[in-house]
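The values are calculated or read from the model by the stated rules, or taken from the named source; none is laboratory data. What you see is a predicted model, and the numbers here were worked out from it, not measured in a lab. Positions of Cβ are backbone-derived with ideal geometry, glycine not excepted, and every protein chain shown enters the neighbour counts.
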Amino acid sequence: MELRQLRYFVSVIELGSLGLAAKELGVVTSALSQQLSRLESELSTRLLHRSAAGTRATDAGMAFYKQAQLTLRHADDAVRAAQQARLSGHVSLGLASSTAAMLAMPLITAMRERYPDVRLRLVESLSGNLTAMLNARQLDMAVLFDPGSAQRWTLLPLLEERLFFIGSAELPGLQALHGRARLAVADIAGLPLVLPSRPHGLRAAVDSAFARARCEPRVVLEVDGLAVLMDAVRAGIAATVQPGAATARLPQDALVRIEIADDQARRLNTLASLGDDELSPAALATRIVLRDVAAATISAGLWPGATLHAS
């Protein structure tokens, strides 16, 4: 008995016609009929009743049909398991520090579960550095905030983040804002801020938000590294404007975090990669897993201010 014969038999029962089943399966009717006759001969029982009205299962055929369906499902599951198990190779992915805080460990865990033979290389750096590495083909893919300078890559919008005003409760001037759920850019124009320097994509987004509000940020310190920047914020040197992910590695009560209400105070995360025809099977699989992980993280409410981009 062959799986092919089971598929033929199931198709005939479901379509009720040898001719329709043959067309669906891409075989000639005589070949299909011959295989079914061999199956009946091997089982020494009549499975099908053929008439001018069509083809239907006998009692024995219906009992066999239910078990054949189950066997085919198990066979398909076995094929998928084998394909996943043998998927191997290397894939390199770049993430900015705030994005890595939300996605890195869930992605590592998911990849180990789904594709244990794929070796993942994660690079945590500034979005601009990741763009340069992608252009130099040192990365297969990266989550970028300003992919405009990424050359000839496939760009898939991944998610959007709201920006937050973040500061220490001890910072002078912050007490007046404490307890507010949302605030406008203009409300923080006079407060000292620590921000990344201007080549940074986040700085461009913050400057743009202030410009639209017809005010300027009071930048007292520039730091191009999330860990040190947040250390300065916790020390009460200045507040900052960052996505909610910037506080992911800090205790929940370490800082005051207030969402900025201005529509332009947001940041798009775009997954940039080599073209599909250049990506390895391992990289294509990783891209899917990354979006699944992002969706699960946002759905679970673990990513403050983030919404998955509609695909």
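A few remarks follow.
- Every condition in (1) out of contact with any helix residue (DSSP H, G or I) (no Cβ under 7 Å at 6 or more places or on another chain); (2) surrounded by fewer than 16 Cβ atoms within 10 Å (Cβ to Cβ) holds for LEU72 except the one numbered (1).
- Residue match in segment 261-270 (condition: within 22 Å of LEU130 (Cβ to Cβ), part of a helix (DSSP H, G or I) and touching a Lys or Arg at 6+ places or on another chain (Cβ under 8 Å)): no
- Scanning segment 269-292 for residues that are hydrophobic (A, V, I, L, M, F, W, C) and touching a helix residue (DSSP H, G or I) at 6+ places or on another chain (Cβ under 9 Å) returns LEU271, ALA272, LEU274, LEU279, ALA285, VAL289, LEU290.
- In segment 67-116, the residues that are of a type in the set (A, V, I, L, M, F, W, C), closer than 19 Å to LEU279 by Cβ and over 17 Å from the mean Cα position of the chain (by Cα): LEU87
- Residue in segment 280-292 that is among the hydrophobic types (A, V, I, L, M, F, W, C), in a loop (DSSP other than H, G, I, E, B), in contact with a Ser or Thr (Cβ under 8 Å, 6 or more places away or on another chain) and assigned by TED's automatic domain parsing to the domain that holds LEU202 present: no
- Criterion (touching a Phe, Trp or Tyr at 6+ places or on another chain (Cβ under 7 Å), part of a helix (DSSP H, G or I) and of a type in the set (A, V, I, L, M)) met by exactly one of MET62, MET102: MET102
- Selected residue (criterion: surrounded by the most Cβ atoms within 10 Å (Cβ to Cβ)) from residues of segment 172-188 that are farther than 22 Å from ALA248 by Cβ, modelled with pLDDT under 90 and small (Gly, Ala, Ser): GLY173
- Selection of segment 209-256 for residues being surrounded by fewer than 17 Cβ atoms within 10 Å (Cβ to Cβ), under 13 Å from GLY167 (Cα atoms) and out of contact with any Ser or Thr (no Cβ under 9 Å at 6 or more places or on another chain) yields ASP231, LEU250, GLN252, ASP253.
- Selection within segment 109-148 - within 30 Å of ARG86 (Cα to Cα), assigned to a loop (DSSP other than H, G, I, E, B) and touching a Ser or Thr at 6+ places or on another chain (Cβ under 6 Å): ASP117, LEU139, ASP140
- None of GLY89, GLY54 is of a type outside the set (A, V, I, L, M, F, W, C), in contact (Cβ under 8 Å) with a residue 60 or more places away in the chain and either under 18 Å from ALA282 (Cβ atoms) or surrounded by fewer than 18 Cβ atoms within 10 Å (Cβ to Cβ) (or both) except GLY89.
- Scan of segment 101-141 for residues that are under 23 Å from ALA246 (Cβ atoms), modelled with pLDDT under 95 and small (Gly, Ala, Ser), ordered by number: ALA101, SER125, SER127, GLY128, ALA132
Matching residues to (1) within 18 Å of HIS74 (Cβ to Cβ); (2) surrounded by fewer than 19 Cβ atoms within 10 Å (Cβ to Cβ); (3) in contact with a Pro (Cβ under 9 Å, 6 or more places away or on another chain); (4) free of Cβ contacts under 8 Å to residues at least 40 places away in the same chain:
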{"site": "LEU3", "(1), (2), (3), (4)": "yes, yes, no, no"}
{"site": "ARG7", "(1), (2), (3), (4)": "yes, yes, no, no"}
{"site": "GLY16", "(1), (2), (3), (4)": "no, yes, no, no"}
{"site": "GLY19", "(1), (2), (3), (4)": "no, yes, no, yes"}
{"site": "ALA22", "(1), (2), (3), (4)": "no, no, no, yes"}
{"site": "LEU25", "(1), (2), (3), (4)": "no, yes, no, yes"}
{"site": "LEU32", "(1), (2), (3), (4)": "no, no, no, yes"}
{"site": "LEU36", "(1), (2), (3), (4)": "no, no, no, yes"}
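- For segment 117-169, a residue qualifies if it is more than 16 Å from the chain's Cα centre (by Cα), exposed (fewer than 14 other Cβ atoms within 10 Å of the Cβ) and under 21 Å from MET102 (Cα atoms), and the qualifying residues are ARG119, ARG121.
- Residues that are out of contact with any Phe, Trp or Tyr (no Cβ under 9 Å at 6 or more places or on another chain) and assigned to a strand (DSSP E or B) within segment 170-192 comprise ARG182, PRO192, listed in sequence order.
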